[in-house]
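What follows draws every value from the coordinates through simple rules; no lab data is involved. These numbers come from a predicted model, not from an experiment. Please note: Cβ atoms are built from the backbone with ideal geometry, for glycine as well, and neighbour counts cover all protein chains shown.
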Amino acid sequence: MPDAGGPLLPPAGPAAAVPGPAAFADVLGWLATHYNYAIYILLMMIGLYAVLAKGNLVKKVIGLNLLQTAVFLFYLSIGKIDGATAPVVWTDRPPGAEGVPYENPVPHVLMLTAIVVGVSVTAVALALVVRIREAYGTVDEGEILASDEAQEEAESARAEAQEAAADAAGARE
Amino acid sequence: MRSTDSLIVRYIARRSVPFIQLYALYVLGHGEDGPGGGFQGGVIFASSFVLLGLANGWGYGRRAAPARLLDPLLPLGCLIYLGIGLAALLAGGAFLEYGALAGSDDPEVRRHWHHYGLIGIEVGVMVTVSAAMATLFFEMARPARVQARVDRVGEEADRA
Amino acid sequence: MDAQLPALVIVVPLLAALLVPLAGRRAAWGLVALALLLAFAGCVRLLVRAHALPEGEAIRYALGGWAAPVGIEYVVDRLNALVLTMLSGVAFLVALWMRRSTAREIRPPAVTGYYSVFLLMAAGLMGITITGDVFNLYVFLEIASITAYVLIAMGRRRQALYAGYSYLILGSLGATFILLGIGHLYMATGTLAMADIAAVFAREPQLYDSSVIRTAFAFFTVGLALKMALFPLHGWQPGAYAEAPSATSVFLAATATKVSAYALYRVAFTVFGVRFLETGLPVVRDALLVMACSAIVVGPLLAIRQHDLKRLLAYSSVGQIGYVVLGLALHNADGLTGSFLHFWNHAAAKGALFCVAGALAYRAGTTQVAALKGLGRRAPLTAMLLTVAACSMVGVPLTAGFLTKWYLARGALEAGQWAVIPVLLASSLFTAVYAWRLLQLAWFADEDGPVAEDVPWSMRAPSLVLGAACLVLGVAPLALPVAQAAAEALL
């Protein structure tokens, strides 16, 4: 198991209820050593915001990509060891020889797969956006929903009119 | 997508294609014992067609990598992958156990066949990845007038 | 060949999916049906073999000859043999059913592509079920999801595009959460093989108190709840089911969300262990109980006021997934038996109902509920199918749905959750309301029209098999021992 280099959460000091200067220094210290986790959380929140709050379909896809990038950063942070080399097989010097640590390759491999998956999802999403643009003439979610609603209303009005006409015809008979 | 106006850019883009593709093959060949492999090689290979499309226009790039060539290549690469896996299975090993392809228990021979199987798989991955990336680029970047023609053909096929 | 079955049931549909675009339009459908028939036969054989093994053991298959913690392992035990059989069986029946339906609903040049993607999705869903590696589970989940987005977006109306897009956004969000869950799990245990993670937990029980592990479980739960459309995360489902081509609707509704539910069972029981549910993070268990019960009540309530048959059935599915999750929240033998029975029961009933909707789309060109008028006279067999499946949804005794509710109720009493009983009763009542509306239109609404107007036999026969399953599973003690054995194996 890779060593991430210390506890993952800022240690809760005795003064946790009223954050004093010591607790503040703890948080700062955590940020200084684990800033990649902070960036991952920040990136993820930006991505989530874009996915949920943006009305533009392309921007939602960009938000999804940000979210995935945040996950890549998270995985790579797990595998990172300070001062370690790449886990490549040297013919003259096997990894781990002379006490040289090497990084955990497994998260890298997993993320290679996740990147391919992410590209596939993005490709399908963009293809759908292109088709939506052709069908609706817009990539704005609000306009699409409004257009659908108008269509549904027109359809149900037509159906009601037909039913009423049929009823009237039945009554005449 | 129109071609660029600069003759130099167009010329250099055309002339870089063989070098990019050679580099892609180099990356592919190093996949089994170092950084590289089918994914990376495939993407680099496809980038040569993307460059052609960007510099010399959509049609020029698409003629170099036409749909009737790429479309069968998409499943073909995966079929190479699955075929090697199934061959190992038929040779008495587990699915994708390339060592079993050797048909002998000598660890040295098995190790060699393991490498051959691995390279075969990487080639399969490269075929599919490069075809997929090039297809993605050309389909997404398709100019409107080409799209209109494709739609017309599709509608005619529908009617027929 | 018998030893290779766990790999072959996945590889054969995958191989066929790649051959279909090369085979051409005429041979394509035969290839799809043949591949899925072979997969179904393999899954039945696996089910028999898994039950022949002593309890606690499973069929294990190391891909590429790499043993488990290093390589990827396929594991077939009593639980996922049940799900695999359901999956491949429904996929085969839908493959038989869909030839005429897709010919009418999909543009001719796209039909082979549709078949290919359909096979990929079937292989992806079966992969989720069979794998014993958490990251491999994510990869198969994404294969099944991406293909599902495409299959939905191929619907006739432009709304299908937007439905597919919405599902894509929410589904990817769910998958990303699952990926984060896997990351946290790997961070704390250092391994990805399910059996290996379970061994780490057995060795170091103090890990249950770790915030990393709890975060991992929370991510898994939210991600999988999104993918299985568990109320209130069901937003993508009605649009997706209603706008998709009929064959997609039948297959998705009968299988897809249940496979995500299975994944949650696998993660909760095999990876984290039943003790974690009880002591580690009971709040998630309670939350699942509340969500399942709300789904069971709200789903049919929302279904009552729908005018489109497919949308109505989709809301009914929102309720039905609650039954599948309820067993997890109760986590005792009877509760689990009820939920596992529902894997088969709901697949049969909802598959049959969506076949009726597909038949309606094929004949009448619409899926409005009003179009059911006079179905009993025009197409008596299809109307019978509607009746039997609707009865099973309500839970009428002697149908399969009754067994589910019976065992869930027993499990709830055993767990001391008295409040679940009125929930189950209310849900049956609401389901009966919309079922009655459908049946009244089909049998008793007077309308003059052509007499014989049923769908062709190639569509009727597979859907009738699903309808017959609703009755057989309710009467014959066929599924019950299988589900009970699966439940006992988990606890």
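Annotations for the structure displayed:
- Peptide packing: for C:76-82, C:383-389, C:415-421, the average count of neighbouring Cβ atoms within 10 Å per residue gives the ranking C:76-82, C:383-389, C:415-421, highest mean first.
- Prolate/oblate/rounded label for segment B:1-128 (Cα gyration tensor, a/c 1.5): prolate
- Sorted on the mean count of surrounding Cβ atoms within 10 Å across their residues, most packed first, peptides A:70-81, C:22-33 read A:70-81, C:22-33.
- Relative exposure of C:Ser101, C:Ser211, judged by other C-beta atoms within 10 Å (fewest first): C:Ser211, C:Ser101
- When the square roots of the Cα gyration tensor eigenvalues are ordered a ≥ b ≥ c, the ratio a/c for segment C:282-491 is 1.5 or more and a/b exceeds b/c, which makes its shape prolate.
- Vicinal HN-Hα couplings computed from phi for segment A:31-41 (Karplus, 6.51 cos²θ - 1.76 cosθ + 1.60; Hz; Gly/Pro x): 4, 5, 9, 10, 4, 5, 5, 5, 5, 4, 5
- For the segment C:185-191, counting C-beta atoms of other chains within 10 Å of every residue's C-beta and taking the mean gives 4.
- Here segment C:262-315 and segment C:134-192 have alpha carbon centers that stand 18 Å from each other.
- Once C-alpha pairs closer than 8 Å and six or more residues apart are averaged by separation and normalised to the residue number of chain C, the relative contact order reads 15 percent.
- Folded to 0 to 90 degrees: helix C:420-439 orientation relative to chain C principal axis, Cα: 20 degrees
- Between the amide H of C:Gln368 and those of C:Leu309, distances stay under 5 Å, these residues lying 5 or more places away or on another chain, with hydrogens modeled in the peptide plane.
- Average other protein chain Cβ within 10 Å of Cβ, residues A:133-139: 2
- Straight Cα distances below 25 angstrom link A:Lys59 to the lysines C:Lys227, with same-chain residues fewer than 8 positions distant left out.
- Under the Karplus curve 6.51 cos²θ - 1.76 cosθ + 1.60, θ = phi - 60°, whole-Hz ³J(HN,Hα) for segment C:158-165, x wherever Gly or Pro sits: 5, 4, 4, 4, 5, 4, x, 5
- HN-Hα J in Hz across segment C:70-77 - Karplus 6.51, -1.76, 1.60, θ = phi - 60°, x for Gly and Pro: 7, x, 9, 10, 9, 10, 10, 10
- C-alpha long axis of helix C:479-490 to longest principal axis of chain C, angle in °: 20 degrees
- 222 nm mean residue ellipticity, helices alone, for the protein assembly as shown (DSSP H n ≥ 4; -39,500 (n - 2.57); rounded to 500): -25000 deg cm²/dmol
- Rounded to 10°, Cα long-axis angle of helix B:67-90 versus longest principal axis of chain B: 10 degrees
- Qualifying GluC sites (Glu not before Pro) in segment C:385-491, where qualification requires a DSSP coil assignment and no more than 15 other C-beta atoms within 10 Å, comprise C:Glu447, C:Glu453.
- Computing FRET efficiency as 1/(1 + (r/R0)^6) for C:Arg49 and A:Leu31, where r is the C-beta to C-beta distance and R0 is 45 Å, gives about 0.25.
- The packing ranking of peptides A:128-137, B:81-90, C:182-191, highest mean first, is C:182-191, B:81-90, A:128-137, where packing means the average number of other beta carbon atoms within 10 angstrom of each residue.
- Chymotrypsin sites (Phe, Trp or Tyr not before Pro) within segment C:62-117: DSSP coil, no more than 16 neighbouring Cβ in 10 Å: C:Trp66
- Counting Cβ atoms of other protein chains within 10 Å of each Cβ in C:13-24 and taking the mean gives 3.
- If R0 equals 51 Å, the separation of the Cβ atoms of A:Ala164 and A:Lys59 corresponds to a calculated FRET efficiency of about 0.70.
- Amide H within-cut-off set for A:Thr85, under 5 Å, with H built and near neighbours excluded: A:Tyr102, A:Glu103
- Cα gyration tensor category, rounded, prolate or oblate, for segment C:225-316 with a/c compared to 1.5: oblate
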